[in-house]
Amino acid sequence: MNRDKVIVRTSLIGILANVFLASFKAVVGILSSSIAIILDAVNNLSDVMSSVITIIGTKLAQKRPDKKHPYGYGRIENLSTSLIAVIVLYAGVTSLVESIKKIIHPPVPDYSAAAIIIVASAVVVKILLGLYVRRKGESVNSDSLIASGKDALLDSVISAATLLAAMIYLIFDIRTEAWLGAVISLVIIKSGLEILGDSLSSIIGKRISSELSKEIKNTVTSFPEVQGAYDLILHSYGPDLLIGSVHIEVPDTLSVAELDKLEHRITEKTFVEHNVILAGISVYAVNTQNDHASQVYSDIRRNVMSHEYVLQIHGFYLDEKRMTIHFDIIIDFAAPDSEELYEHILTETQQAYPDYSVSITLDTDVSD
C-alpha cells in the first residue's frame, strides 16, 4: 500500500475511534457533572479535526508539480501539522478557561459505575490508537500522523488522570476535578507548542539528520576517486523529495570526461540508496604531483584546527604557477564572532606564506 493510502486509512481509523469516544464521554460527563470528562470529550473532538486536516493535507500534497510550483506541493504536509498544533493549542486554552471557572464555582460531580467503566475503557483505546497511529506515521515519514499519535498517547494519560480524580472523589469525597482540568489544559497547551515548534522548524528549514548526512557522504566517498565529501546541502520539498548538492575532493589529474562519468555514477547511487536527488556536485581538486603542497597543507591544517570553534578545513589547493593557496573552513555556530576568527586565520596564514596569495572561503556548518 502506498504512503498516501496508509495516511488516509490511518486517519479514518482515528476519526472513527475519536468520534466514538467523544460521544460516550460527553454523555457521561454531562450526566455526572464532570468537567474533566467533558473536557476529555472535547479533546477527542479536536483529535477528529486533526485527522481531517491530515487527510486534506495529504490529498493536496499529492498534486502534481506545475509551472508555479515545479517541486510539487509536498510542503503542504508541514502546514497541516501546524494547523493540528493550533487546534491542540485552542483546545488547551479553552479548557483552561473553563477549568478556572469551575475552580471558582465548583459543581458537585455524580459518578456512576458506567462512567468509571467508560473512562477506563477510553484509556486502553487511546493507548492502542496512539501506538498504532504513531507507528504508521513513522513507517511512512508523516509528521502529521506522528503528531496525532503522540496526541492520542497524551490523551490516554489525561483519561487516566480523569479516572483518578473520580476515584479520589468516590473514596475520599475530595473534589479535584477542576484542578485536574487545569493541569490537563496545561499539558495540552505544552503538547501543542511542541508540535507547532517542530512543524515551524521544518517550514523554516532545519538541519538534516546526522545519520542521513553521514550515510550520504559514505555513499559519495565509496568511489575510489573521491577523497572527501563536504558541504552537503539538502532542501526538503516534502517527505519524499529531498534535493541538494555536495562538494567532492578528487585528484587534479582527472579529465573532464572522467569527472562527468563519476558525477553521474555518484548521482545515480545516491538516489538509489537514499532517494535523494543530488542536483549539483562541485569539485575540489587535490594536489597529487606536488610534495611541497602536501607539506604546506599539513602545516596549515595543524594551525587552523588548533583554533577553538574551527570544525573543519577542506578543499585545499596550492597553485605554484599562479602562486595561490585556497581552502575552505567551517566555524561552529557557537563561536562568539565567526567573522573575527575568519579574518584572524586569513591574516595568520597570509603572514606564514607571504609569497602566495591566500584566499579562504568561510563555509556554513550545514550538515555533519
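For the stretch 152-169, which positions are over 34 Å from the mean Cα position of the chain (by Cα) and hydroxyl-bearing (Ser, Thr, Tyr)?
Matches in the stretch 152-169: TYR169 only.
For the stretch 138-152, what are the residues that are more than 17 Å from ILE87 (Cβ to Cβ) and part of a helix (DSSP H, G or I)?
Answer for the stretch 138-152, where residues must be more than 17 Å from ILE87 (Cβ to Cβ) and part of a helix (DSSP H, G or I): GLU138, SER139.
How about the stretch 164-187: which of its residues are assigned to a helix (DSSP H, G or I) and among the hydroxyl-bearing types (Ser, Thr, Tyr)?
TYR169, SER185
Based on what the data block shows, is LYS214 free of Cβ contacts under 8 Å to residues at least 40 places away in the same chain and outside any loop (DSSP other than H, G, I, E, B)?
No, not satisfied.
Of all residues being under 14 Å from ILE116 (Cβ atoms) and touching a Pro at 6+ places or on another chain (Cβ under 9 Å) in the stretch 12-36, which is modelled with the highest pLDDT? Just the residue, please.
Ranking the candidates gives SER32 first.
Given the conditions (1) within 13 Å of GLY280 (Cα to Cα); (2) among the aliphatic types (A, V, I, L, M); (3) not in a strand (DSSP E or B), report the number of the one that ILE243 does not fulfil.
Condition not satisfied by ILE243: (3).
I need the strands (runs of 3 or more DSSP E) fully contained in the stretch 266-368, keeping only those with at least 1 residues that are assigned by TED's automatic domain parsing to the domain that holds ALA229 and out of contact with any helix residue (DSSP H, G or I) (no Cβ under 9 Å at 6 or more places or on another chain).
Answer list for the stretch 266-368: 276-286.
Please specify each residue of the stretch 172-186 satisfying the condition of being touching a Ser or Thr at 6+ places or on another chain (Cβ under 7 Å) and either of a type in the set (Ser, Thr, Tyr) or modelled with pLDDT of 80 or more (or both).
ALA182, SER185
Listed here are the residues, each with its yes/no results for (1) over 26 Å from ILE243 (Cβ atoms); (2) in contact (Cβ under 8 Å) with a residue 24 or more places away in the chain.
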residue	(1), (2)
THR58	no, yes
ALA61	no, yes
LYS67	no, no
LEU79	no, yes
SER82	no, yes
ALA91	yes, yes
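The values are calculated or read from the model by the stated rules, or taken from the named source; none is laboratory data. Since the model is a prediction, treat every value here as computed from it, not as a measurement. Glycine also receives a Cβ, built like all others from the backbone with ideal geometry; neighbour counts cover every protein chain displayed.
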